[in-house]
1. I'd like the carbon and sulfur percentage of the solvent accessible area for the chain, probe radius 1.4 Å, heavy atoms only, ligands and nucleic acids excluded.
2. If SER110, SER169 are ordered by their accessible area, calculated over protein heavy atoms with a 1.4 Å probe, which sequence runs from highest to lowest?
3. Counting only heavy atoms of the protein chains, get the accessible area per residue of the chain (1.4 Å probe) and round it to a whole Å² value.
4. For HIS193, HIS164, what's the largest-to-smallest order of accessible area, 1.4 Å probe?
5. About the Cα centre, and with charges only on the beta carbon of Lys, Arg (+1) and Asp, Glu (-1), how big is the dipole of the chain? Nearest 20 debye, please.
6. Post the alpha-carbon centroid distance, the range 122-180 to the range 65-88, in whole angstrom.
7. 5 Å is the cut-off here: which amide hydrogens, built 1.01 Å from N in the peptide plane, fall below it relative to GLY11, excluding neighbours closer than 5 in sequence?
8. Mind grabbing the accessible area of LEU127 for me, 1.4 Å probe, Å², rounded to tens?
Amino acid sequence: MERGRLITIEGLDGAGKTTLATALSDALTARAVDVRQLREPGGVQTAERIRELVKDPALQVGARAEALLYAAARAQLVEEALEPLLSGGVWVLLDRFVDSSLAYQGAGRSLGIEAVRRLNEFATGGLRADRTLLLEIDPARGRARSRARRDPLDRIEAEGESFHARVASAYAELAHADTQRIRRIDATQAPEHMLAAALAALGDLL
Ligand code: T5A
């Protein structure tokens, strides 16, 4: 059986990752692709519990603990869901993966991209995305979208402008360094145009 593909969706908070993942899942299903939509942190029970912990604005979580918690959630997701699904020929659309930790903890929290990359090599056993869709939006516009949903901002969304600016520039650098895997999509477009751009970016895999 042919191994499934791991497609990750990345970008700042409010960029429209979940909206695109849902539309893309429907579009791939219509093309007879067996696809599962998962999110990080989360996707399996242990990782969902870590999600509650790591997003809680009432908790004090240091930068290193934060990187380790995201990596722990990811390790469990890889072992319990991603590897079995991919081995079974299923495509996975994953809302955030290692690039989120590189950008948010490596750059945003200033832990260093290479240190966080090494931590995640261990966590994932070296699993890599076949393609990454990077949704690009100005941090302020992304935050305005998140705020408009009326949920209270979580621990990371509540960080200041300079944090989100560091995350945005790290994403741009990662994309620049790996143009084959990471495809940039303008996230200020209407959802249907974003879907068309995403399908075009997956054309060679389909
Ligand atoms: N994190 C995560 C780390 O720091 N390190 C890590 O390793 C990982 C994995 C996760 C938080 O954890 C951090 C990053 C995050 O801060 P989350 O709740 O999963 O928390 O946060 P996000 O992934 O950012 O999810 P959001 O729901 O906030 O944003 P999305 O999924 O990008 O956006 P979406 O689709 O929910 O849309 C947001 C709003 O915009 C509208 C939608 O209707 C919605 O109201 N919208 C659009 N509006 C106009 N045009 C479009 N094209 C639109 N697309 C969506």
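1. Details: 5100 of 10010 Å².
Whole-percent figure for carbon plus sulfur exposure: 51.
2. Numbers: SER110 85, SER169 60 Å².
Solvent-accessible surface, decreasing: SER110, SER169.
3. Numbers: 10010 Å² over 206 residues.
On a per-residue basis, 49 Å².
4. On the way: HIS193 105, HIS164 5 Å².
The ordering from most to least exposed comes out as HIS193, HIS164.
5. Numbers: 28 positive and 30 negative charges, 36 e Å.
Result for the chain is approximately 180 debye, rounded to the nearest 20.
6. Rounded to whole Å, the Cα centres lie 19 Å apart.
7. For GLY11, whose amide H was placed from the backbone, the distant partners under 5 Å are LEU135.
8. It works out to around 20 Å².
The values are calculated or read from the model by the stated rules, or taken from the named source; none is laboratory data. Because the structure is a prediction, the values reported are computed rather than measured. A quick note on method: Cβ atoms are made from the backbone with ideal geometry, for glycine too, and the neighbour counts reach across all protein chains shown. Heavy atoms of the whole protein, side chains included, go into the accessibility calculation; ligands, DNA and RNA do not. Shrake-Rupley method; radii C 1.70, N 1.55, O 1.52, S 1.80 Å.
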